[in-house]
Amino acid sequence: MRATFLDWYQRLGRLGLRLLCLHLLWLAWTLRGAVVLGAFPATAALHAVLREDARHAIARPDEPPALAGLRAAFGAHWKREFAPANRLGLLLALCWAVLVLDRRVVEHLDLGGLGPVLAGGLTVAGVLLGVVTVLVWPLQAHFAEGAGALLRRALVLTAARPLTAVLAGAGVGVLLCAYYLLPGLVPVFGLAAPAAVATAVLWRSGLLAPAPVAASAH
């Protein structure tokens, strides 16, 4: 029992350290791209490293991924994904901008009985877009497809595997609530922890297991 506890304690410690390192790398490479052009490639690089960690865990479950070379790997993914990640990020940002604008219009216009219906529909659309946003980055790390195709894939995944989509979205949501209650976690784990949760859910579902050559990415 004691050995099991110590083993899990060490595993959690290694996981926490790796997430901290990934968060710091995400910040560094986001700044390298002057934030606006760096954030989306850094997010893609983060998920690409987490994908490699998941594959490593399958191939060598008793051997934790090494920290040596992490910076070089992150930077290589950032450079390779610079253009595709920015296209995907800008498309997502446009979707969110349209949704927020529609919400503001509905809130400020007197639409009578139609107002609550539209507001409810936009709330559902917001939740759906939130889940798609959570899912699309792990998919982007796994499939060599364009931004539109990745968004369609995320939508199809949500419709075809709602339990997986809900688990990923709920896991990220719980972490965001924890960030709200304990703001000190944000500068320690940042985006790395939510990304790790979403990636873990998709890999455990079997959706990102070694794919056919035609669909496999990177």
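Rounded if a/c is under 1.5, else prolate if a/b is larger than b/c, else oblate: which is the range 97-218, with a ≥ b ≥ c the root eigenvalues of its Cα gyration tensor? Here the range 97-218 falls in the oblate category.
Which part of the range 83-100 falls in the paramagnetic zone of LEU114, meaning amide N under 12 Å from the point 7 Å along Cα-to-beta-carbon? None, by backbone N distance to the label point.
What is the chain's relative contact order, in percent, from Cα pairs under 8 angstrom and six or more apart in sequence? 24 percent.
In what sequence, largest accessible area first, do ARG104, ARG161 appear using a 1.4 Å probe?
ARG104, ARG161
Between LEU67 and VAL166, what's the calculated FRET efficiency when r is the beta-carbon distance and R0 is 30 Å? Round to 0.05. The value I calculate is 0.35. With the simple spin-label model, which puts each label point 7 Å out from Cα in the Cβ direction, the ALA34 to ALA76 separation comes to 2.8 nm.
What is the mean projected area of the alpha carbon convex hull for the range 1-205, to one decimal in square nanometres?
13.9 nm²
Share of pairwise Cα-Cα distances greater than 16 Å in the range 50-160 is 69 percent (whole percent).
Screening the chain for DSSP H helices whose Cα atoms reach 27 Å or more along their own axis and whose mean Kyte hydropathy is at least 0.0 gives 2-32, 39-59, 82-108, 114-142, 162-181.
The values are calculated or read from the model by the stated rules, or taken from the named source; none is laboratory data. No experiment lies behind these values; they were computed from the predicted model shown. Backbone-built Cβ (ideal geometry, glycine too); neighbour counts: all protein chains shown. When the accessible area is computed, the model is the full protein with side chains, heavy atoms only, and any ligands, DNA or RNA have been set aside. Shrake-Rupley method; radii C 1.70, N 1.55, O 1.52, S 1.80 Å.
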